[in-house]
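Step one of this worksheet: look at the structure below.
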Amino acid sequence: MLIVDTDPGTDDAAAIMTLLASGTKVDAFVSVYGNVAERRTTANLQRLLDIVGEHDAARYRGAVGPLLGDPVAAKHIHGEDGMSGAFAQPRTDLPELPELPELPRVDYGSLIRSAADPVTIIALGPLTNVGAVLAAAPELVEKIERIIFMGGAVLTYGNETPAASFNAANDPTAAAFVYDSGVPIVQVGLDVCRPAEIPVKRLLGFRDSTTPAGQLIWTLLNNHFMVQRAGGLTEDSVIRFNDAPCMAFFLRPELFRTEHLPVVVETEGRYSRGATIADFPGYLKREPNTEVLLGIDVEGYADLVTELLLTYL
């Protein structure tokens, strides 16, 4: 069973579209708060899946906030709607967006227990959903093959605090439950997401795309925060979709350099709360619990993502 746990988010959208374009079967999508509030991430997830024609996977809504403390959004990156304005209302250039059905609240325990095969979870947002179920039912670790988590930073700085990535900083308590649970973890952190730039010039054909998915990709490209900060979209523009390396690892792990390390999540530090600390020297005397991605074949990664996204043209 494959579950995608996500907080769309422009980079989540690009990542999910990349994965689905590969023909990978996803059994369930679960929303979580994060880039914007849960009600928006849930709506964004539904609209995205409808646009790309994914109607077979189960859809659930997840946590509205962290286990402890208050959520931190990233509207300055993803816009008020979380999707660079693609799903904002009112839109004068699009018909009014249709009403969406209310999704059921996820019962992660039942979802995992019912799986006939080992479960893989690709977690693109805060780990609240997963951390909560592993804290309540630690025996479920035996059913989970691995968790591929977009978060963390061990050899680079954070993007929410000086030490912590956005997803880990949003719920360090849940992240600590996950990292300490014994489940195999793949950390797709800022060490590989930061250098994973994609040249936009190979995607400029989406400007004239007439498909709903193609038009969505063009909106994401044209309004991407890196593009806007650089003064607008040009043939020399590059973008980073931080969640897309998770899908690239799932599809082509050979594109990455990894190291199996003991990693702990700081939950109380004044300046380091949410930091993922990799014990390279072995000071903590812990067994390795995380496959940490430390290097990426940037050209191979960009080729893969570009090739898959172009199927929506």
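The values are calculated or read from the model by the stated rules, or taken from the named source; none is laboratory data. Predicted model only: the values in this text are computed from it and were never measured. FYI the Cβ positions are ideal-geometry reconstructions off the backbone, even for glycines, and counts take in every protein chain you see. Protein only, heavy atoms only, side chains kept; ligands, DNA and RNA dropped before computing areas. Shrake-Rupley method; radii C 1.70, N 1.55, O 1.52, S 1.80 Å.
So that you can scan it fast, the table gives a plain yes or no per residue for (1) at pLDDT 95 or above; (2) open to solvent by less than 50 Å² (accessible area, probe 1.4 Å); (3) within 21 Å of ASN159 (Cα to Cα); (4) not acidic (Asp, Glu):
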position	(1), (2), (3), (4)
GLY214	yes, yes, no, yes
LEU220	no, yes, yes, yes
MET226	no, yes, yes, yes
GLU254	yes, no, no, no
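Which of the residues belonging to the range 24-36 are of a type in the set (Gly, Ala, Ser) and either more than 14 Å from PRO8 (Cα to Cα) or open to solvent by 50 Å² or more (accessible area, probe 1.4 Å) (or both)?
Residue satisfying the conditions is ALA28 alone.
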Per-region count, the range 296-313, residues surrounded by fewer than 16 Cβ atoms within 10 Å (Cβ to Cβ) and more than 16 Å from GLY205 (Cα to Cα): 3
Residue in the range 28-38 that is closer than 19 Å to ASP171 by Cα and assigned to a helix (DSSP H, G or I) present: yes
Elements of type helices (runs of 4 or more DSSP H) contained in the range 42-160, each with 1 or more residues being closer than 27 Å to ASN223 by Cβ, open to solvent by 30 Å² or more (accessible area, probe 1.4 Å) and without any contact (Cβ under 8 Å) to a residue 60 or more places away in the chain: 75-78
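Considering every residue within the range 203-210, establish whether at least one is closer than 29 Å to THR128 by Cβ, open to solvent by less than 60 Å² (accessible area, probe 1.4 Å), in contact (Cβ under 8 Å) with a residue 40 or more places away in the chain and in contact with a Leu (Cβ under 7 Å, 6 or more places away or on another chain).
Looking through the range 203-210, none of the residues is closer than 29 Å to THR128 by Cβ, open to solvent by less than 60 Å² (accessible area, probe 1.4 Å), in contact (Cβ under 8 Å) with a residue 40 or more places away in the chain and in contact with a Leu (Cβ under 7 Å, 6 or more places away or on another chain).
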Residue satisfying all of: in the range 202-231; outside any helix (DSSP H, G or I) and of a type in the set (Val, Ile, Thr); farthest from LEU48 (Cα to Cα) among these: THR210
Hits in the range 171-201 - residues which are in a helix (DSSP H, G or I), open to solvent by 10 Å² or more (accessible area, probe 1.4 Å) and under 15 Å from VAL298 (Cα atoms): ASP191
Contacts under 7 angstrom Cβ, first residue in the range 277-290 being of a type in the set (Asp, Glu), partner open to solvent by 80 Å² or more (accessible area, probe 1.4 Å), 6 or more apart: ASP279/ARG286
Tabulated pairs, the range 162-173, first more than 13 Å from GLY65 (Cβ to Cβ), second of a type in the set (Lys, Arg) and open to solvent by 10 Å² or more (accessible area, probe 1.4 Å), C-beta under 7 angstrom, 6+ apart or interchain: ALA164/ARG273; ALA169/ARG273; PRO172/ARG273
